[in-house]
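Reviewing the structure listed below.
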Amino acid sequence: MTDATYTGGKEPAKHGLLTVDARTKKRNASEKRFRMYGLAAIGAGVFFLVVLLGAIIANGIGAFQQTFIEVPVYLEEAKLDKTGNRDPEEMAKVSTFGYSPLIQNSLWKVIVDSGAETPLEDGGDVKQMISASAAAKVRDWVLANPDRVGETVDFQILASSRVDGYLKGRVSRESIAQDKNIDAEHLDLVDALRAQGVVHKSFNWEFITGADASESRAEQAGLGVSMLGSLFMMITVLLLALPIGVAASIYLEEFAPTNRFTDFIEVNISNLAAVPSIVFGILGLAAFIQFAHLPQSAPLVGGLTLTLMTLPTIVISTRAALKAVPPSIRDAALGVGASKMQATFHHVLPLAMPGILTGTIIGLAQALGETAPLLLIGMVGYIATNYPEGVFSGFLSPNSAMPAQIYEWAKRADPAYYERAWGGIIVLLVFLLAMNLLAIVLRRKFERRW
């Protein structure tokens, strides 16, 4: 006997594990679209990141090269050492105004010997080609080597920012039509001297090791002193934020009772992590400078201000690392007779160390790039003109920091400073990448699996 089912003249529906119905097809298509959206978002993010890095490198790489003019300068004894005693104290009475004509006349002699044709008449007409810092450099060398007075010494003289910009493509003959600092005749000489190797570009160590300069000496400005200021600030932040933040996290997570007071503290720590950095700058100005009377613009004050800003980040990351340790670790330690403190410091804390170190380094990296708090406490770029004389002076003497220095350069009118601002960003990014790589290495080294 057979079991027949009336289907109304239609084919019976076919169902099975390998049969894809309309609903399944629609769901699969939706998943494919979502995957494509995700890949498109990642591609867009990578594209804009590449564009950003390309723009930074293209605009800032020129700061690591500088134009120099090789000039044999005759150190005329009648002007530099009138007594002939070679006494540096007496020779120091000759200011840079006495050295400038010697450099200009020596450059003019080089031009004449090169055979370059020019409507310019004497050394006074080529001073626009030379950096305003050249006289000070030669003077410092002469005072350090007084016995060389009366000789002709080869110097690598910094070219002016306009000459440097011309060789880098930043300055053109059209752009100097109304520029009072240089003329087309000077650029003709630059081309002629460059062909003979007198004018050349080389690596700019002054940008890495130098200090800030005035508006008229953009070619001399460097990032070295402000880098040292950032170092002293980061030392202050590390020495204060790490122990205070870790100690507070351990107490709140492992020992503090759960009540309204601890809830109030936890809520405020979370809120402080979202407070704009400029608010911490105002707090540092009021608390450390106006109330505590600490020296203005000192890296110590900057470090204290950034410590306040970094503490919430370290506390939150440290508490998250402590929570990630399985409760069984604590129970096992307590079960074999360890006290609460022994279980925390001998077992829980070592296992949480990778997360603690990662959060600390990320917090330091964030503090390294902050600008607004430093501007409010006076750590602006133009005060960083000399290296500190010792470790103690490094914390208390006026200085700047890399972000504040970059901000100061970006404000200035000379395009050479704009180039240096991009170059400073490259240096800052290198420091930040190094700190993040250090966080990854430390996390991998101390990581424990359970």
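Exactly one residue out of Thr236, Thr258, Thr262 is open to solvent by 20 Å² or more (accessible area, probe 1.4 Å) and hydroxyl-bearing (Ser, Thr, Tyr): that is Thr258. Consider the stretch 1-25 and keep the residues that are in a helix (DSSP H, G or I) and exposed (fewer than 10 other Cβ atoms within 10 Å of the Cβ). The one that is modelled with the highest pLDDT is Arg23.
For Leu143, the criteria (1) in a loop (DSSP other than H, G, I, E, B); (2) more than 28 Å from Ile176 (Cβ to Cβ); (3) touching a residue at least 40 places away in the same chain (Cβ under 8 Å) hold in every case but one, which is (1).
Among the numbered conditions (1) touching a residue at least 40 places away in the same chain (Cβ under 8 Å); (2) in contact with a helix residue (DSSP H, G or I) (Cβ under 7 Å, 6 or more places away or on another chain); (3) acidic (Asp, Glu), the only one that Asp122 does not meet is (1).
Looking at this structure, is Thr344 in contact with a Ser or Thr (Cβ under 8 Å, 6 or more places away or on another chain), touching a residue at least 60 places away in the same chain (Cβ under 8 Å) and more than 15 Å from Leu231 (Cα to Cα)?
Numbers: in contact with a Ser or Thr (Cβ under 8 Å, 6 or more places away or on another chain): no; touching a residue at least 60 places away in the same chain (Cβ under 8 Å): yes; more than 15 Å from Leu231 (Cα to Cα): yes.
In short, no.
Could you please let me know if Val94 is under 29 Å from Ala144 (Cα atoms) and either in a loop (DSSP other than H, G, I, E, B) or modelled with pLDDT of 90 or more (or both)? So Val94 passes the test. Scanning the stretch 47-98 for residues being more than 30 Å from Leu433 (Cβ to Cβ), out of contact with any Ser or Thr (no Cβ under 7 Å at 6 or more places or on another chain) and either surrounded by 16 or more Cβ atoms within 10 Å (Cβ to Cβ) or among the charged types (D, E, K, R) (or both) gives a total of 16. Within the stretch 376-405, being modelled with pLDDT of 85 or more, under 24 Å from Phe64 (Cβ atoms) and aliphatic (A, V, I, L, M) holds for Ala401, Met402, Ala404. Among the numbered conditions (1) within 42 Å of the chain's Cα centre (by Cα); (2) of a type outside the set (A, V, I, L, M, F, W, C); (3) within 23 Å of Ala192 (Cα to Cα), the only one that Pro119 does not meet is (1).
Using the structure shown, decide if Thr305 is surrounded by 15 or more Cβ atoms within 10 Å (Cβ to Cβ), hydroxyl-bearing (Ser, Thr, Tyr) and within 30 Å of Leu376 (Cα to Cα). Answer is yes for this residue. Entry remark, the stretch 302-323: residues being hydrophobic (A, V, I, L, M, F, W, C) and within 15 Å of Ser277 (Cβ to Cβ) number 5 in total.
Could you pull out every one of the helices (runs of 4 or more DSSP H) wholly within the stretch 156-226 that has 3 or more residues that are under 30 Å from Ser393 (Cα atoms)?
On the way: elements: 161-168, 184-195, 205-209.
Counting at least 3 such residues, we get 205-209.
Restricting attention to the stretch 166-206, the residues that are open to solvent by 50 Å² or more (accessible area, probe 1.4 Å) and either within 11 Å of Met129 (Cα to Cα) or more than 34 Å from the chain's Cα centre (by Cα) (or both) total 9. Mind checking whether some residue in the stretch 386-396 is under 15 Å from Gly302 (Cβ atoms) and open to solvent by less than 20 Å² (accessible area, probe 1.4 Å)? Checked the stretch 386-396: at least one residue is under 15 Å from Gly302 (Cβ atoms) and open to solvent by less than 20 Å² (accessible area, probe 1.4 Å). So which residues in the stretch 406-439 are open to solvent by less than 20 Å² (accessible area, probe 1.4 Å), modelled with pLDDT under 90 and either under 21 Å from Gly363 (Cβ atoms) or of a type in the set (S, T, N, Q) (or both)? Ala439 - this is the single residue of the stretch 406-439 that is open to solvent by less than 20 Å² (accessible area, probe 1.4 Å), modelled with pLDDT under 90 and either under 21 Å from Gly363 (Cβ atoms) or of a type in the set (S, T, N, Q) (or both). Does Ala177 satisfy the criteria of being closer than 25 Å to Gly210 by Cα and free of Cβ contacts under 8 Å to residues at least 60 places away in the same chain? Taking the combined requirement at face value, the residue does not satisfy it. Checking Ala213, Ala116 one by one, the residue that is surrounded by 15 or more Cβ atoms within 10 Å (Cβ to Cβ), outside the structural domain of Ala78 (by TED's automatic domain parsing) and of a type in the set (A, V, I, L, M) is Ala213 and no other.
The values are calculated or read from the model by the stated rules, or taken from the named source; none is laboratory data. This one's a predicted model, so the numbers in the text were calculated from it and none came from an experiment. With ideal geometry, Cβ positions are generated from the backbone for all residues, glycine too; neighbour counts draw on all protein chains shown. In case anyone asks, the SASA skips ligands and DNA or RNA and just uses the protein heavy atoms, side chains included. Shrake-Rupley method; radii C 1.70, N 1.55, O 1.52, S 1.80 Å.
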